[in-house]
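The values are calculated or read from the model by the stated rules, or taken from the named source; none is laboratory data. All of these numbers come straight from a predicted model, not from anything done at the bench. We place every Cβ from the backbone using ideal geometry, glycine too, and count neighbours over all the protein chains shown.
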Amino acid sequence: MTRRNSILLLVLAALWGASYLFIKIGLDDLSPAGVVFSRTALASLVLLPFAVGTGGLARIWRKAPLVFALAAMQVAGPFLLISAGERHIASSLAGILVASAPIFTAIFAVWLDHSDRLVGRGIAGVGIGIVGVALLLGVDVGGSSAALLGGLAVVLASVGYALGAFALKRWFPGFPPIALVASTMGASALMTLPLFLAQLPAHIGLDTISAMSALGVGGSGIAFVIYYTLNHEVGPTRTSLVAYVAPVFAVIYGVTLRGEGFGAGTAAGILLILGGSWLAANSKPAARQTASVGAAGQPAA
């Protein structure tokens, strides 16, 4: 992780940490499908002029089935699950639950991408981060069955994020990130449009419009350009560590803007998440360690 990539990771975490707050505001007037359609359609429209300038749109849409598959796996599906889950749980809790994405990424890497498996210090970092998430989450998601289902929906969204990261790396290597984000956001908007039209809102307030604007431009457009760039440069496992840092921002936003609680357990969890993320981000993947040994020659008997 270079200094540039570390900064991009923090910016991405700040943007995605705020997304859960904006989703919560949008749900006051919109259905989950309405939130997803609004944010993806706006992100696609904002990025489209820049995407055209890259000259990569035509190449991407030659793989149209894969574009829609990636959008369903990593954008439309997770966005719908998170929005549906936030109808029953707090925005900060949703951000914390998405931190399970690196766990699934590490598990899937065993079968999907051996070169991106973490070893040694990286595995320890993921473990420390999990402990931090557990401290923030507590023993349950509120006790009610609705809250439990909402929490499970958000965790399932993290599975989609993990699988989508490997699909992105395998299906679209070397493609311009802006053109790819504009395409997946546009495909997601098309997929969620029928659901949005089936539940048109009776009223949309100014706060919802502002939240969807910030969510579309920042949390969907700019954030995914950064995400796709990092995924290409440092791999899915390290990029997924943003899910450990984003909850820190989600908790900060929740405490300062929504008056959610903050205790000693929350502070300890945040410290563990940051420490675990640093360890995992600065460790070598298994393939690089093997390559380093091979380049140095055979070890002594």
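Residues to consider are ALA99, ALA124; find the one that is at pLDDT below 85 and under 14 Å from the mean Cα position of the chain (by Cα).
On the way: ALA124 fails: under 14 Å from the mean Cα position of the chain (by Cα).
Within the list ALA99, ALA124, the selection yields ALA99.
Could you check LEU15 against (1) modelled with pLDDT of 90 or more; (2) surrounded by fewer than 24 Cβ atoms within 10 Å (Cβ to Cβ) and say which number it fails?
(2)
Name every residue in segment 127-144 that is β-branched (Val, Ile, Thr), modelled with pLDDT under 75 and assigned to a helix (DSSP H, G or I), in order of residue number.
First, pick out the residues of segment 127-144 that are β-branched (Val, Ile, Thr): 128, 130-131, 133, 139, 141.
Still in the list and also modelled with pLDDT under 75: 133, 139, 141.
The answer is VAL133, and nothing else.
Rundown of residues vs (1) within 20 Å of ILE178 (Cα to Cα); (2) in contact with a Phe, Trp or Tyr (Cβ under 9 Å, 6 or more places away or on another chain); (3) of a type in the set (Asp, Glu), yes/no style:
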| site | (1), (2), (3) |
| --- | --- |
| ASP207 | no, no, yes |
| LEU215 | yes, yes, no |
| ALA223 | yes, yes, no |
| ILE226 | yes, no, no |
| HIS232 | yes, yes, no |
| GLY235 | yes, no, no |
| SER240 | yes, yes, no |
| GLY254 | no, yes, no |
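Looking only at segment 153-172, decide whether some residue is at pLDDT 85 or above, in contact with a Ser or Thr (Cβ under 7 Å, 6 or more places away or on another chain) and more than 19 Å from LEU80 (Cα to Cα).
No, segment 153-172 contains no residue that is at pLDDT 85 or above, in contact with a Ser or Thr (Cβ under 7 Å, 6 or more places away or on another chain) and more than 19 Å from LEU80 (Cα to Cα).
Any residue at all in segment 75-86 that is in a helix (DSSP H, G or I) and either surrounded by fewer than 19 Cβ atoms within 10 Å (Cβ to Cβ) or among the polar types (S, T, N, Q) (or both)? Don't jump to the end; show me each part of the working.
First, pick out the residues of segment 75-86 that are in a helix (DSSP H, G or I): 75-85.
Still in the list and also either surrounded by fewer than 19 Cβ atoms within 10 Å (Cβ to Cβ) or among the polar types (S, T, N, Q) (or both): 83.
Within segment 75-86 (the criterion being in a helix (DSSP H, G or I) and either surrounded by fewer than 19 Cβ atoms within 10 Å (Cβ to Cβ) or among the polar types (S, T, N, Q) (or both)), the answer is yes, since at least one residue qualifies.
When you look at ILE23, is it part of a helix (DSSP H, G or I), within 27 Å of LEU197 (Cα to Cα) and either out of contact with any strand residue (DSSP E or B) (no Cβ under 9 Å at 6 or more places or on another chain) or basic (Lys, Arg) (or both), yes or no? Give the steps one after another, and end with the answer.
Working: part of a helix (DSSP H, G or I): yes; within 27 Å of LEU197 (Cα to Cα): yes; either out of contact with any strand residue (DSSP E or B) (no Cβ under 9 Å at 6 or more places or on another chain) or basic (Lys, Arg) (or both): yes.
So ILE23 passes the test.
Tell me, please, whether a residue that is farther than 22 Å from LEU149 by Cβ and without any contact (Cβ under 8 Å) to a residue 12 or more places away in the chain can be found in segment 66-86.
no
Does ALA214 satisfy being touching a helix residue (DSSP H, G or I) at 6+ places or on another chain (Cβ under 8 Å), in a helix (DSSP H, G or I) and either more than 23 Å from ALA162 (Cβ to Cβ) or hydroxyl-bearing (Ser, Thr, Tyr) (or both)?
Yes: the conditions hold for ALA214.
For ILE222, all conditions in the list (1) closer than 12 Å to LEU12 by Cα; (2) buried (at least 20 other Cβ atoms within 10 Å of the Cβ); (3) of a type outside the set (D, E, K, R) hold save one; what is the number of the exception?
Result: ILE222 fails condition (2) only.
Please identify the pairs in which a residue from segment 150-177 that is farther than 15 Å from TYR227 by Cα has its Cβ atom under 8 Å from the Cβ atom of a residue that is hydroxyl-bearing (Ser, Thr, Tyr) and crowded, with 19+ Cβ neighbours inside 10 Å, counting only partners at least 6 apart or on another chain.
VAL155/SER100
Only residues in segment 40-65 that are surrounded by 16 or more Cβ atoms within 10 Å (Cβ to Cβ) count as the first member; pair them with residues that are modelled with pLDDT of 90 or more and not in a helix (DSSP H, G or I), Cβ under 7 angstrom, at least 6 apart or cross-chain, and list the lot.
none
Please verify whether segment 41-58 includes one or more residues that are within 16 Å of the chain's Cα centre (by Cα), under 22 Å from ILE209 (Cα atoms) and not in a helix (DSSP H, G or I). Explain how you work it out, then say what you get.
The initial filter retains those residues of segment 41-58 that are within 16 Å of the chain's Cα centre (by Cα), namely 43.
Remaining after also requiring under 22 Å from ILE209 (Cα atoms): 43.
If we keep only those that are not in a helix (DSSP H, G or I) too, we end up with none.
For segment 41-58, residues within 16 Å of the chain's Cα centre (by Cα), under 22 Å from ILE209 (Cα atoms) and not in a helix (DSSP H, G or I): absent.
Quick check, is MET212 within 23 Å of GLY77 (Cα to Cα), surrounded by 14 or more Cβ atoms within 10 Å (Cβ to Cβ) and either in contact with a Gly (Cβ under 6 Å, 6 or more places away or on another chain) or charged (D, E, K, R) (or both)? It would help to see each step written out before you state the result.
On the way: within 23 Å of GLY77 (Cα to Cα): yes; surrounded by 14 or more Cβ atoms within 10 Å (Cβ to Cβ): yes; either in contact with a Gly (Cβ under 6 Å, 6 or more places away or on another chain) or charged (D, E, K, R) (or both): yes.
Criteria met by MET212.
Among (1) among the hydrophobic types (A, V, I, L, M, F, W, C); (2) at pLDDT 80 or above; (3) assigned to a helix (DSSP H, G or I), where does ALA243 come up short?
Status for ALA243: all satisfied but (2).
Taking ALA147 as meeting all but one of (1) over 18 Å from the mean Cα position of the chain (by Cα); (2) modelled with pLDDT of 85 or more; (3) in a helix (DSSP H, G or I), write down the number of the exception.
ALA147 satisfies every listed condition except (2).
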